[in-house]
Amino acid sequence: MDVVFYVVPGLMMAGAVFMADRVVRRWLQLQGAWTSGLTAEARCLRTFTTTHGGGNDTSVRTRLHHVYEFITRDGRAVRFEEDGGPATVLEGDFVTVYYSGGPQVVATAHAPRPVVSAAGTLAILALLGGIVVFCVGFMVTYSTAFHI
């Protein structure tokens, strides 16, 4: 029975570390696209929404997604999907995209906002770090309180 008090917090910590890795990777990708100096004109091919929630009297969350396509400077056609864009961009509209060069192109149509992006990333990392500290504290407390 004691193993539950170590496995569950361990899994929670592993999940928090995995999420922190994903957040940092996405932040680095955005920073790379914004600071690369490479821009292109992209066309919005499609817009769609996804909804979550709504069951058992819960609120419904709706996210707007855009699918863009552009040509890089070296002539490659790149198509990517991005969520959270402005609702004023419709199918057929042209927008400026920022992208990083190289074999793996990472692009975004979001305007450069490095301070806001860094602040959001740090806030999420602080929350995830708090989860890890709580789990470690819980395991240490359980170990010392019940295994004297």
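Run residue 108 past the list (1) touching a helix residue (DSSP H, G or I) at 6+ places or on another chain (Cβ under 6 Å); (2) at pLDDT below 95; (3) polar (S, T, N, Q) and report the number of the one that doesn't hold.
Condition not satisfied by residue 108: (2).
Take the residues of segment 92-105 that are at pLDDT 95 or above and open to solvent by 70 Å² or more (accessible area, probe 1.4 Å): which is nearest to residue 45 (Cα to Cα)?
Top of the filtered list is 94.
Among the residues of segment 124-148, how many are of a type in the set (Gly, Ala, Ser) and either part of a loop (DSSP other than H, G, I, E, B) or on the phi > 0 side of the Ramachandran plot (or both)?
Number of matching residues: 0.
Can you find a residue in segment 45-56 that is in contact (Cβ under 8 Å) with a residue 24 or more places away in the chain, surrounded by 13 or more Cβ atoms within 10 Å (Cβ to Cβ) and touching a Gly at 6+ places or on another chain (Cβ under 9 Å)?
Scanning segment 45-56 turns up at least one residue that is in contact (Cβ under 8 Å) with a residue 24 or more places away in the chain, surrounded by 13 or more Cβ atoms within 10 Å (Cβ to Cβ) and touching a Gly at 6+ places or on another chain (Cβ under 9 Å).
Taking segment 57-91 as the search range and keeping residues that are open to solvent by 90 Å² or more (accessible area, probe 1.4 Å) and within 17 Å of the chain's Cα centre (by Cα), which one is nearest to residue 40 (Cα to Cα)?
Applying the filter and picking the extreme gives 81.
Looking at 18, 5, which one is modelled with pLDDT of 95 or more, surrounded by 10 or more Cβ atoms within 10 Å (Cβ to Cβ) and hydrophobic (A, V, I, L, M, F, W, C)?
Just a single option satisfies the conditions, and that option is 18.
Within segment 120-139, is there a residue that is farther than 22 Å from residue 19 by Cα and open to solvent by 60 Å² or more (accessible area, probe 1.4 Å)?
Scanning segment 120-139 turns up no residue that is farther than 22 Å from residue 19 by Cα and open to solvent by 60 Å² or more (accessible area, probe 1.4 Å).
Please state which of the following conditions residue 129 fails to meet, knowing it meets all the rest: (1) over 18 Å from residue 24 (Cβ atoms); (2) in contact (Cβ under 8 Å) with a residue 12 or more places away in the chain; (3) not aromatic (Phe, Trp, Tyr).
(1)
When you go through 33, 16 one by one, which is the residue that is farther than 24 Å from residue 87 by Cα and either within 19 Å of the chain's Cα centre (by Cα) or not in a helix (DSSP H, G or I) (or both)?
Within the list 33, 16, the selection yields 16.
For segment 21-35, which positions are exposed (fewer than 15 other Cβ atoms within 10 Å of the Cβ) and under 30 Å from residue 88 (Cα atoms)?
22, 24, 25, 26, 28, 35
The values are calculated or read from the model by the stated rules, or taken from the named source; none is laboratory data. This one's a predicted model, so the numbers in the text were calculated from it and none came from an experiment. Here the Cβ is made from the backbone with ideal geometry for all residues, glycine too, and neighbour counts use every protein chain on show. For the accessible areas, the whole protein counts, side chains as well, though only heavy atoms, and no ligand, DNA or RNA atoms are used. Shrake-Rupley method; radii C 1.70, N 1.55, O 1.52, S 1.80 Å.
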